[in-house]
Structure formats: structure tokens, C-alpha cells
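What follows is a single structure, written as C-alpha cells, with notes after it.
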Amino acid sequence: MTFTTRFAPSPTGHLHLGHAFSAWTAFRAACEADGRFLLRLEDIDTVRCKREFDDVIYDDLLWLGLDWELPVRRQSEHFDDYETVLQHLRGLGVVYRCFKTRREILEDIARAPHHAGEGADGLIYRGPAEPLSSDEEAERLSAGEPYAWRLSQARCREVLGERFGAMHFLEDGKGEIAADPDPLGDVILARKDVGTSYHIAVVHDDALQGITHVIRGEDLFAMTPLHVLLQTLLNLPTPVYRHHRLLTDAKGQRFAKRNKAATLKSMREAGASPEDIRARFAGPSVT
Ligand code: GLU
């Protein structure tokens, strides 16, 4: 299988040095493996993502010395695909509608403090003590109440049986890692008005695009067990993962889009060369 990797930014602003490092790490890995490098725009958040950023992303990456296969996949053009995935999960009976507000969830958590906490994907919610009756659900639906589709870990365990406990992935350079989604609780996979989430879209697209190696920042490491769980439920292959270290500024802070000085656009406008940028990437890509 040809080594295939991707860089998948969300066009919610200009790329900063941290993105450049991620893109460069994936691109170099593809070159070294004589493989394929793809670019994907993860723009399902149609409020925060702006088309005007797409062109700046292309300009920045070309300037840095990257090239990628065309066409670029733009997730906002494929909501139907992600809807089909959600339907599939509904068919498996592993997702449920959750009408609770954040405040109600916090109250539930306060009642069961051993479940408390904020996980890598927001509040850790372990599901209602009692499932909503179909009458109550119908009532709330007809009242037009908003809801989220959550992935029930309890149901996943039932549906997958022994496969649930056997889930794992290969972390490049580190070997096999057990994929335990438990610390994330019942994650939100879609909402009433947005029929997808990063998790559904990324898992779907990595499989569709034949990604053999997912190379991304270590901030997403905690999400990988959830992605492996979705791959297992959907009978999709699990790629090899490589979570690289995150670049930090002189104060040890991660770069953020709001830090205008660290954007590639402003750095190149201030006269930096691609070599200057790449010099900032020195050191191992993984810790
Ligand atoms: N779109 C994600 C981000 O900008 C990257 C997702 C991934 O590489 O899996 O952080």
C-alpha cells in the first residue's frame, strides 16, 4: 500500500508556525517514503471557517515548499457523506439523542462526582442513569428542542463485545498502543442542526482517501482511541498514527491563530524566508 498522509487544517484563520511544522512533518514523511501527500480542508464549522482563508493556506504552503495532490477535499462539500455515517451509527444503535444542556450535565456530574471532569473533548459525560423513554423523546422532538447525538460507550461495548477491549493502534516509533476510549465518556458526534463533527468527518475521510499514516499534533493523541472505536464500528482500517510534538514560542506557549505575529502570512510579509521558517523546526518531530 502506498504510504499516504495528509495535512488537514481548519480554515478558521491564518496558519501559524505550529501548523507549518505539522504540514512540513507530514510532507517530509511522504517524500521520504516516496508516498502521497494530500491536503484536506476541515471546514465543517461553517460559521468559523471562511473561504478567504483557503487561498492564504494554499499560498503559505506553496511558499513553504509543499505541494499536494489535487483536488483538495473540502469537507463542507460532503455533509451527505457524514450524514450517512451518522445513519449507520444510528442503525447500530450506538448513538442516542441527548437533550441535556451543559448546566444539566454539570448537575448530573455533581451528583456523581466520580465521573466528574473535563476531558480532552470537553465535559466527560457518561450517559443518563435512565435512557429517555420514547414518549418523552418524541415530545421533546416535537417541541423542537435542540439535542446532541452522543456515542454511547456502554452500547459500543455491547455491540462490539470482545472487540471493544482489543482495540489498539500503531503509534509510529512507539509500537502498539491500547485504544481505550473510556476517559472521553459519551462524546458528541453531531447535533440537531449540524449532522457531523470533527470525529465523524476525520475518520470517514481518512478511510475514503486511503490515508495509511495520520501525522498530526500530540494534542490530538487523546482523541485517537475514539477514532479507533469509530473505525472499528464502521469496519474501516486503522491507519498508523504519528503524533508529533507541538512547537512552542520563546515562552513555551503553543502557537495560536490569534497570535498574529506567528502567522506564516505575517512572517513572510515581514521578510522571512521559507528557510527561516524551516529552521524553527529543528529537533526531533516526536518527543
Ligand atoms: N483539523 C484538525 C486541526 O486543525 C486536524 C485534524 C487531524 O489532523 O486529524 O487541528
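Of all lysines in the structure, those lying under 21 Å Cα to Cα from Lys50, and not within fewer than 8 positions of it along the same chain, are Lys257, Lys260, Lys265. Counted residue by residue at 0.36 nm each, then reduced by the alpha carbon distance between them, the extension gain from Asp54 to Gln87 reaches 8.9 nm.
Relative to the dominant Cα principal axis of the chain, helix 198-208 is inclined by about 70°. One decimal place: the segment Leu246-Ala279 gains 10.4 nm when fully extended, by the rule 0.36 nm per residue minus the C-alpha distance. Label-to-label distance, Ala138 versus Glu118, with points set 7 angstrom from Cα along the beta-carbon direction: 4.0 nm.
Result for the chain in a Gaussian network model with C-alpha springs under 10 Å: among Ala190, Ala270, Ala129, the largest mean-square fluctuation is at Ala129. Ranking of Ile44, Ile215 by solvent-accessible surface, largest first: Ile44, Ile215 (1.4 Å probe, protein heavy atoms only, all chains present). Is the shape of region 114-165 rounded, prolate or oblate, going by the alpha carbon gyration tensor and its root eigenvalues a ≥ b ≥ c, with a/c under 1.5 for rounded and a/b larger than b/c for prolate? The shape class here is oblate. When restricted to Cα atoms, region 181-255 yields an Rg and a Dmax of 14.2, 44 Å, respectively. Proximity of backbone amide H atoms, modeled 1.01 Å from N, is registered between His16 and Leu264 at under 5 Å, excluding neighbours fewer than 5 places apart on the same chain.
Taking θ as phi - 60° and the Karplus parameters 6.51, -1.76 and 1.60, the scalar couplings of region 84-90 work out to 5, 5, 4, 4, 4, 5, 5 Hz in sequence order, x denoting glycine and proline. Phi angles of region 102-107 translate, via the Karplus equation with coefficients 6.51, -1.76, 1.60 and θ = phi - 60°, into HN-Hα couplings of 4, 5, 5, 5, 4, 5 Hz per residue; Gly and Pro are given as x. Here the chain exposes an accessible surface that is 51 percent carbon and sulfur, computed with a 1.4 Å probe and the other protein chains kept in place. A cut-off of 5 Å between modelled amide H atoms, ignoring neighbours fewer than 5 places along the same chain, links Gly127 with Asp186.
Sequentially through region 72-83, phi angles give Karplus couplings (6.51, -1.76, 1.60; θ = phi - 60°) of 7, 7, 10, 4, 5, 8, 10, 4, 4, 4, 6, 4 Hz, Gly and Pro residues having no value and appearing as x. Fully extending the segment from Trp63 to Lys257, taken as 0.36 nm per residue of separation minus the present Cα-Cα distance, adds 68.0 nm.
Calculated [222 nm] ellipticity per residue, helices only, for the chain: -11000 deg cm²/dmol; basis is -39500 (n - 2.57) per DSSP H run with n ≥ 4, divided by all residues, nearest 500. Between 0 and 90 degrees, the angle of helix 51-64 with respect to the longest Cα principal axis of the chain falls at about 40 degrees. In this structure the amide hydrogen of Thr4, modeled in the peptide plane, comes within under 5 Å of the amide hydrogens of Arg36, Thr212, His213, none closer than 5 places in sequence on its chain. Relative to the longest principal axis of the Cα atoms of the chain, the long axis of helix 17-32 makes an angle of roughly 80 degrees.
Among rounded, prolate and oblate, which fits region 57-141 when a ≥ b ≥ c are the square roots of the eigenvalues of its C-alpha gyration tensor, a/c under 1.5 means rounded, and a/b larger than b/c means prolate? Note, shape of region 57-141 comes out oblate.
Computed from the Cβ-Cβ distance with R0 of 45 Å, the FRET efficiency linking Arg103 to Thr2 stands at 0.35.
The values are calculated or read from the model by the stated rules, or taken from the named source; none is laboratory data. All of these numbers come straight from a predicted model, not from anything done at the bench. Every residue, glycine as well, gets a Cβ built from its backbone with ideal geometry; the counts of neighbours run over all protein chains shown. Accessible surface is based on the protein model in full, side chains and every heavy atom, while ligands, DNA and RNA are left aside. Shrake-Rupley method; radii C 1.70, N 1.55, O 1.52, S 1.80 Å.
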